[in-house]
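So the structure is just underneath, and the comments pick up after that.
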Amino acid sequence: MENIEPLDIIVILAYLVGIAALGIYQVTRVKSSGDYFAGGRKFSKWMMITHSLGSGTHADDPVGVAGAAYERGISGIWYTYAYLFCTPFYWIIAPFFRRSRYLTTADFFEERFGKSLGLLYAIMGILTFSVNMGTLLKGTGTIVSSVVGTGTPEWFIKLAMMLQDFGIYLSWNPEWLAIWTMTAIFVAYGFAGGIIATVITEFIQGFLIVIMSLLLIPYGIYKIGGFERLHSLIGDASKFSLSAPEEMTIPWIITATLITLIGIVAQPHIMEVCSTGKTEFEGRVGFTYGNFIKRFCAMGWALCGLIVLAMVALPETSDLHIAGLEHRENAFGIAIGKLLPPGMTGLMFASILAAQMSTLSAFMVAGSALIARNIYKRYIAPEASDKNILILARFGGFAVVGLGLVFCYLVEGVAEALTIFWGLSALTGVFVWAGVLWKKTNATGAWASFGVMAIIWLLLGPMGDKLLKPLMPDVSWLGLYGDKAHLPQLVLSYLPIGIVALIVGSLLGKSLKKDVLEKFYLLIKTPVGREEDLVKAGVNMIYKGHAEGHPWELKHPALVNWGGFAIGLVFAIAILGILYWLANVGT
């Protein structure tokens with residue numbers, strides 16, 4: 001534990017105690033299940049920006065990006081920049097979630113496609129949360145084990161010897177100690193205050209996320225002697241290219257962008273990320289620009305991977321590959337241990353925990369909504385009171401977290417887990433888009449699309465490699481495209497046929513009743529603030545919450561919609577330009 005000093009421990013403990021107290025205090029503001037799941041839909045633009053940043057940014061991001069950048073070069077940034085050109089679309093997507101007046105994405109599936117698809121999505125959403133939580137927890141463990149090293153601290157040895165006298169035997173595992181400590185804290189305040197506690201704590205944690213992303217860069221650049229020396233130490237010009245000859249190839253980048261755009265609308269936490277603001281405009285600004293802040297932070301993660309690669313060429317740190325870099329995803333943690341002085345290491349750990357817990361608590365609350373509302377109330381106890389739903393939601397979050405811990409044990413690395421998550425989201429994302437854009441889309445088409453894509457993805461993708469190949473080792477094609485570098489081949493194997501199945505199934509199957517379909521489209525087209533129009537039309541609103549219309553949205557909808565999209569596109573192009581400039585500084 002040579003990289004952790006007493007001052008670091010004090011900083012970490014102060015952060016953990018403070019954030020837990022702040023989150024748990026929010027229990028006083030939770031009066032109903034609507035408060036627990038959606039916070040009354042009263043949050044401001046700044047709260048929505050930090051909520052989106054906190055929910056969308058986690059420490060597994062720098063782990064995966066820095067690791068890929070260490071091995072492949074700055075193109076490793078595409079493990080998060082897969083979403084770069086999706087981000088302008090967030091401006092257009094966000095209002096549909098807010099206008100739906102739903103509490104979960106499963107509500108959308110049931111209202112648009114029927115009861116069976118609502119149940120399917122509830123199950124898929126819980127599984128998606130589990131995969132994502134496991135990814136986050138795996139990232140935390142990877143960082144901690146990289147920084148702490150393999151030695152056992154003396155204080156732990158003394159504690160273990162004392163406890164042996166009482167029949168209690170402890171073993172030192174810093175990775176799982178960090179995972180379980182962090183889990184206990186975010187579960188405590190998520191259990192108490194729901195989405196209100198999550199958003200309030202994210203307002204503070206958002207600043208720490210930026211620190212996490214950028215703190216290492218000045219220390220690293222100073223260590224290696226500047227940007228010009230960075231290039232000379234690495235020597236390989238291809239490491240500064242925005243694409244790579246392997247893994248992050250141009251086809252891989254295009255495929256990742258496409259699949260993330262398809263899947264983003266089906267990620268189960270996006271409903272509350274977009275729909276908990278005072279107006280539609282809060283949702284647009286928060287979802288779009290909270291994520292643009294993340295895109296800026298990602299440059300720090302990629303640069304960190306290059307700095308570690310350059311440090312391997314320095315005489316004093318040339319043994320880094322022996323200290324854990326045989327696995328590329330240890331690069332970020334090793335940089336923390338080698339570059340930061342006492343106190344700053346503690347601040348970095350606090351920032352990492354902030355990034356993780358902000359997302360994990362949001363996932364826990366959104367997952368508990370699926371269990372309490374879309375499974376328990378819908379199928380087990382339709383007459384359950386709001387008080388009972390609130391109680392079950394708090395305890396239902398434990399199940400989601402438990403599944404996440406199981407996945408954390410199974411997955412090998414963060415980059416692998418990310419591609420699994422993208423695949424899961426795309427399986428249902430196809431008919432979310434179709435359900436909004438094409439009125440003929442129906443349950444038959446949705447089931448046909450999901451069934452075909454899920455079977456192909458399970459057989460040829462990473463699950464086929466992990467779960468089925470060990471059972472049938474002689475079947476060579478199982479898991480054929482399971483490696484993360486084979487993302488384009490995997491997507492081409494299931495996405496086109498899934499779209500065809502959706503179209504054919506929808507044309508052959510029975511559509512929703514005309515009046516039901518018309519009410520659905522009226523719901524998502526009616527701006528917030530005009531709920532009286534929905535009441536007059538007899539349209540059901542699952543949870544209205546605070547219903548304030550934004551004057552720009554009401555008076556100039558087309559200008560706000562397409563003007564905001566154009567500005568977002570300019571931001572995305574500018575960020576890519578800054579990345580290109582950064583890659584060439586010092587040449």
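Overview of results
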quantity: Cα-based shape type of segment 413-543, given that a ≥ b ≥ c are square roots of the gyration tensor eigenvalues and the cut on a/c is 1.5; calculated: prolate
quantity: Relative exposure of 398, 240, judged by other C-beta atoms within 10 Å (fewest first); calculated: 398, 240
quantity: Cα gyration tensor, segment 251-294 - rounded (a/c under 1.5), prolate or oblate; calculated: prolate
quantity: Anchor residue 138: lysines whose Cα lies under 29 Å away (excluding residues fewer than 8 positions away in-chain); calculated: 158, 223, 239, 294, 338, 466, 469, 484
quantity: Phi-based couplings in Hz for segment 254-268 (Karplus 6.51, -1.76, 1.60; Gly and Pro marked x); calculated: 5, 5, 4, 5, 5, 6, 6, 5, 5, x, 4, 6, 9, 5, x
quantity: In order through segment 514-527: 3J(HN,Hα) via Karplus (6.51 cos²θ - 1.76 cosθ + 1.60), integer Hz, x for Gly, Pro; calculated: 4, 5, 5, 5, 5, 5, 4, 5, 5, 4, 7, 9, 8, x
quantity: 11 Å beta-carbon shell around residue 271, net charge (K/R +1, D/E -1); calculated: 0
quantity: Per-residue Cβ neighbour rank within 10 angstrom, fewest leading, 386, 61; calculated: 386, 61
quantity: Three-way shape label, segment 480-587, alpha-carbon gyration tensor, a/c 1.5; calculated: oblate
quantity: Cβ-based exposure ranking for 511, 238, in which fewest neighbours within 10 Å come first; calculated: 238, 511
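Rule-based calculations on the coordinates, nothing more; no lab input. Everything numeric in this text was worked out from a predicted model, so none of it was measured. Note that we place each Cβ from the backbone using ideal geometry, even for glycine, and neighbour counts take in every protein chain shown.
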